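Only one structure is covered here, and it is reproduced in the block below.
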Amino acid sequence: MTSPDSVTKKSRRRTLKRWGIGIVLPVLLLVGLYFLQKFMLNFPKAGEVYTTTVYVWLTYIPAKLVSLIPISLTEVLVLTLAMSTPLLIAWFLIRMVRALKKKEGKKFWFRSARILAWGLCILYADFMLFHGLNYARRTLPESLHFGTRNYSVEELEQVYKWVVDELNATRARCMEDESGVMTYPGGINGFMKDVPELYRKSAVDFPSIAGNVGRPKPVAMSRYWIYTDIVGMYFPFFAECNVNKDVQMVEMIGHTFHELSHLNGYAVENNANLASLVLRLNSDVPEVRYTALYDAVGMVEEDLSKALNGDRKRFNEILNEVQFCDGFYRDLTAVSEYWLSINPPPLIQEVSNTVNDSFLKANQQEEGVKTYKMPTSTVADYYYIFLEGEAC
């Protein structure tokens, strides 16, 4: 005969086991993944090994499969969740009321907590494997040997003149739309179809940037999405790159390369920006290369301004020594007019910025959204290392 004490002990063991496996274990796994990322940040070489081996294997098949689907799965998921959330909340409340009426409240809350704990654990593990651990890899400037020297005013002036000369020559070869603004042959759909191969060809000279490449997805509701100031998103759960197609082509091409760089394992934002710039500068397609030169103008001007220590007279003299082509000004005007036409409620932008900032800080990026800014002298580094062949 089983004694009451024995039954009680078995019941307690079952309860402890259920709580341990159902709630404590997933919570411990979740916390462990967080500290694993934090730990790996101190060992960039380990992060580099993970990204260039395990991560590449994990994302290869998902990226290929998702590329076969012409629409954004991320957008479909978001819209589905937005429409179904009220129904899910109502269903949960009905189940809760029924459980309370049957005096099964403890059982209901335990099951709910168990599902929530394991759900969060699985999602967080998926995120870490497909993106989060990539924050710990070696930085791209280090891989490219960027950021190891300062440049004189004369050197930056030479870079600036090279940028303008190349920009003018490249812009003359670009396709234009009916307004005389730069566009891509075949438009947005043509670019989205071509960009995986464009990325691969440019990355041949930069093995550290090469990796899996999937077809990016233009978001159908881009016009509404732009009110959040979001121009692109890598969704790790699908290994899918999403691009806002509402912006001007001269900007969209750079954003697309940025998101593909995330897919290739560069999670840190300024690293993805740098990869985008370098690969576009290395492209033999004029429309792609031009967008990088377009971005480079402002970057070199900022470096010049810093190097001159506020000497506005000399700064203006350097800028006046070069002349931009008319096409550049048309593109510049089109971009400016587009952003002036966007007038979202400040609250939406603030919430979006706060969420993005919190997301980055949660992934050990202490500067938050400031991590989008690339290291100084990036264009000069590219010029003197890869074009002039000088050691930095």
For residues that are within 23 Å of MET299 (Cβ to Cβ) and assigned to a loop (DSSP other than H, G, I, E, B), scanning just region 163-197, find the one that is nearest to the chain's Cα centre (by Cα).
TYR184
Of (1) part of a helix (DSSP H, G or I); (2) crowded, with 24+ Cβ neighbours inside 10 Å; (3) not hydrophobic (A, V, I, L, M, F, W, C), GLY265 fails just (1)
List pairs: first in region 51-73 and in contact (Cβ under 8 Å) with a residue 40 or more places away in the chain, second surrounded by fewer than 16 Cβ atoms within 10 Å (Cβ to Cβ) and not in a helix (DSSP H, G or I), Cβ under 8 Å, 6+ apart or cross-chain?
ILE71/ALA220; SER72/ALA220
If THR170 satisfies all but one of (1) loosely packed, with under 13 Cβ neighbours inside 10 Å; (2) at pLDDT 95 or above, what's the number of the condition it fails?
(1)
Hits in region 268-300 (condition: surrounded by 24 or more Cβ atoms within 10 Å (Cβ to Cβ), aliphatic (A, V, I, L, M) and farther than 21 Å from TYR151 by Cα):
ALA272, ALA275, LEU279, VAL288
Within region 140-154, residues at pLDDT 85 or above and in a loop (DSSP other than H, G, I, E, B) come out as HIS145, PHE146, ASN150, TYR151, SER152
HIS255, sole failed condition from (1) in contact (Cβ under 8 Å) with a residue 40 or more places away in the chain; (2) closer than 23 Å to LEU77 by Cβ; (3) surrounded by 18 or more Cβ atoms within 10 Å (Cβ to Cβ)
(1)
Test GLY22 against the criterion of being under 20 Å from SER261 (Cα atoms), modelled with pLDDT under 90, in a helix (DSSP H, G or I) and of a type outside the set (S, T, N, Q), and give yes or no.
no
Among (1) assigned to a loop (DSSP other than H, G, I, E, B); (2) out of contact with any helix residue (DSSP H, G or I) (no Cβ under 6 Å at 6 or more places or on another chain), where does ARG223 come up short?
(1)
Pairs where the first residue, in region 300-326, is small (Gly, Ala, Ser) and the second is modelled with pLDDT of 90 or more, C-beta under 6 Å, 6+ apart
ALA307/VAL153; ALA307/LEU156
Taking region 315-347 only, how many residues are loosely packed, with under 13 Cβ neighbours inside 10 Å and either touching a Phe, Trp or Tyr at 6+ places or on another chain (Cβ under 6 Å) or outside any helix (DSSP H, G or I) (or both)?
4
Just to verify a result, which residue in region 61-96, among those that are of a type in the set (S, T, N, Q) and part of a helix (DSSP H, G or I), is farthest from LYS193 (Cα to Cα)?
THR85
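The values are calculated or read from the model by the stated rules, or taken from the named source; none is laboratory data. All values derive from a computational prediction rather than experimental measurement. Every residue, glycine as well, gets a Cβ built from its backbone with ideal geometry; the counts of neighbours run over all protein chains shown.
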